[in-house]
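Visitor: The structure under discussion is supplied below as structure tokens; questions concerning it will follow.
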Amino acid sequence: MKKQDIVKEVLKNIGLLDNKQIAHALEEQGQTKERLASVFVRLGYLSNQDVGKTLVSQIGILPIAVDFRKIEKKAANLLPSNIALSHRIIPLKHETDKLLMGTDDPLNFLAALNIEKIVGMSVELELLRTKDLDQALREFYLSKEDKPVDFGRLSDEVKEVKSREDAPIIKLVNLIINEAVKRRASDIHLEPLETKFRVRYRIDGILHEVQGPPMRLEGSVISRVKIMAGMDIAEKRLPLDGRIKIMFDKKDLDLRVSSLPGIHGESIVMRILDRSSFLVGIEELGFLPDQRKDFERLINLSNGMLLVTGPTGSGKTTTLYTTLSRINQKERKVITIEDPVEYQLDGINQVQVKPQIGLTFASGLRSMLRQAPDIIMVGEIRDLETAQIAIQSALTGHLIFSTLHTNDAVSAVTRLVDMGIKPYLVASTVQGILAQRLVRTICPSCREAYKISEEEKTILSLTPEETKDLELFKGKGCPSCNFTGFKGRIGIFELLTLSDKVRDMVLNDIPSSEILRSAKASGFRTLKEDGLEKVKRGYTTIQEVMRVTQ
């Protein structure tokens, strides 16, 4: 039987309300998330006296007296303070697989059903006297410095209450997050599976499984994360998004949280956003000297379009943020439209797209042009309308930065034409296209040289003379790199600048394979060639370059 059906049955049997009133109140509660008793009073179906003495007597349960000093502290710590206070409910006693809880609301069994998911065990309710519950909630969930609170209106008035940091689930979630940050993880994956609750960290682009909590704690851990992220813990059918701000090692970190319903429970991914990782210099991105010179020339143009391409997780956002930080000056107005805004950049106007209210990349970009910007960054060109407005903006004297999801630089030209942009517009506006990937760099603590093998000579296309004294490097593994041999990542790039010859080829709709052949004759390096050059210089390994470019 569904929760709503249980509620209807109990209330109907009491005899104070008819089916229509009960259905209306339940629908209202689903939208406002209020306590059910409060909804009945607000709608005028019951008075405060009905909800109290009359309703209690009709149900046939009498409230008991309880001394808060006899409540088990370890039981109270199982429930986050904001849940306890908003639902007016408190754990009294923790048994092996059962939690005895107290409330002064005779209709609170609906909240109890939800709390079972948070604590990971069955819940039994005792009806308490209001004054006893007030005293217990004040003692366990409000700090001594908090001002006196009207507990009768607590769910409406309490906005923020300090959590008890010694609660086991809170400790466990904090430990999962702190360990991820220590290991330099970019993502935390919490994945309920059929036989276990899996926890994985993405470190330097690779997922590593770590020891996960017992399966019985899955619901509690996921609910705790959702509470921290400001997400609706009662909504388990739809994907949700939230954000967590934490302080670690004197650094402010943002965690972007998303949930996805699966057949075994909700999967949670926390993306760890470290502001310092976005504020590197162009010198640290990994450009070789000739590429860096060409790239800096392109980003200092007064108009035109520069595109950065690559799959998700290839470092496009870091490159664009680094670029904007470099060219941001007081004499220039810079506006971005992003989905989402990863980090706030000083002196730059940043806009977050909100499709649900009609603020898309296209509509936002159109409005931004009325703000007279010099430089515009569009998070991604996804459709023809956005592409057309961006192209038009580049034609009218703006410098436009954006991203495309293509595998290489030359394919970006084809993608724009396939979207519906005329070749002559692409040829006249696009100044350069940067394709990139991220490869892991060899750990400096365990880096060691080795003699190049015959197979590696073939991959590098080297002559016997070139390989005579050539040494390559690898990491043998140490505690510093968690025995992977790698620590950190660096970009590999291919930078296509649109020379007059390339523009003519685009204008005449020449196939991308021919454009690539012509560009290579002028010194253009592909992603693989750039990666292998970094292998020769001892930054990474052949295996790593082949992994991301094949």
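Visitor: Name the residue, out of Ile433, Ile421, Ile400, that is touching a helix residue (DSSP H, G or I) at 6+ places or on another chain (Cβ under 8 Å), over 22 Å from Glu514 (Cβ atoms) and either in a helix (DSSP H, G or I) or not hydroxyl-bearing (Ser, Thr, Tyr) (or both).
Guide: Working: Ile433 fails: over 22 Å from Glu514 (Cβ atoms); Ile421 fails: over 22 Å from Glu514 (Cβ atoms).
So the residue among Ile433, Ile421, Ile400 that is touching a helix residue (DSSP H, G or I) at 6+ places or on another chain (Cβ under 8 Å), over 22 Å from Glu514 (Cβ atoms) and either in a helix (DSSP H, G or I) or not hydroxyl-bearing (Ser, Thr, Tyr) (or both) is Ile400.
Visitor: I've got another one for you. I'm trying to understand the selection: among the residues of the range 473-489, which are crowded, with 19+ Cβ neighbours inside 10 Å and hydrophobic (A, V, I, L, M, F, W, C)?
Guide: Cys481, Phe486, listed by residue number.
Visitor: From the residues in the range 328-364 that are free of Cβ contacts under 8 Å to residues at least 60 places away in the same chain and in contact with a Lys or Arg (Cβ under 8 Å, 6 or more places away or on another chain), which one is farthest from Gly397 (Cα to Cα)?
Guide: To start, the set of residues in the range 328-364 that are free of Cβ contacts under 8 Å to residues at least 60 places away in the same chain comprises 328-339, 341, 344-364.
From what's left, in contact with a Lys or Arg (Cβ under 8 Å, 6 or more places away or on another chain): 347, 349, 361.
Values: Gly347: 21, Asn349: 19, Phe361: 20 Å.
Checked the range 328-364; the qualifying residue farthest from Gly397 (Cα to Cα) is Gly347.
Visitor: Could you say which residue among Ile335, Ile282 is out of contact with any Asp or Glu (no Cβ under 6 Å at 6 or more places or on another chain), buried (at least 21 other Cβ atoms within 10 Å of the Cβ) and of a type outside the set (Asp, Glu)? If you could, list the steps in order and put the result at the bottom.
Guide: Details: Ile282 fails: buried (at least 21 other Cβ atoms within 10 Å of the Cβ).
Unique residue meeting the criteria: Ile335.
Visitor: Does Phe401 count as among the aromatic types (Phe, Trp, Tyr) and within 28 Å of Asp530 (Cα to Cα)?
Guide: Yes; evaluated as a whole, the condition is true for this residue.
Visitor: Has the range 420-442 got at least one residue that is surrounded by 14 or more Cβ atoms within 10 Å (Cβ to Cβ), under 25 Å from Tyr539 (Cβ atoms) and of a type in the set (Gly, Ala, Ser)?
Guide: The answer is yes; a qualifying residue exists.
Visitor: If you don't mind, another one. Identify, please: which residue in the range 186-197 is touching a residue at least 24 places away in the same chain (Cβ under 8 Å) and more than 17 Å from the chain's Cα centre (by Cα) and is, among those, surrounded by the fewest Cβ atoms within 10 Å (Cβ to Cβ)?
Guide: Our first condition is that a residue be touching a residue at least 24 places away in the same chain (Cβ under 8 Å); within the range 186-197, this holds for 186-194, 197.
Subset that is more than 17 Å from the chain's Cα centre (by Cα): 192-194, 197.
On the way: Pro192: 20, Leu193: 15, Glu194: 7, Phe197: 20.
The residue in question is Glu194.
Visitor: Given the conditions (1) within 39 Å of the chain's Cα centre (by Cα); (2) open to solvent by 50 Å² or more (accessible area, probe 1.4 Å), which single one is not true for Val548?
Guide: Status for Val548: all satisfied but (2).
Visitor: Right, next: Just checking, how many residues over the range 338-354 are open to solvent by 40 Å² or more (accessible area, probe 1.4 Å) and in contact with a helix residue (DSSP H, G or I) (Cβ under 6 Å, 6 or more places away or on another chain)?
Guide: Pass one, the range 338-354, residues open to solvent by 40 Å² or more (accessible area, probe 1.4 Å): 339, 344, 346-347, 349-352, 354.
Keeping just the survivors that are in contact with a helix residue (DSSP H, G or I) (Cβ under 6 Å, 6 or more places away or on another chain) gives 351.
Count: 1.
The values are calculated or read from the model by the stated rules, or taken from the named source; none is laboratory data. Small disclaimer: the values here were computed from a predicted structure and weren't measured. A quick note on method: Cβ atoms are made from the backbone with ideal geometry, for glycine too, and the neighbour counts reach across all protein chains shown. Areas reflect the complete protein model, heavy atoms only, side chains present, ligands, DNA and RNA absent. Shrake-Rupley method; radii C 1.70, N 1.55, O 1.52, S 1.80 Å.
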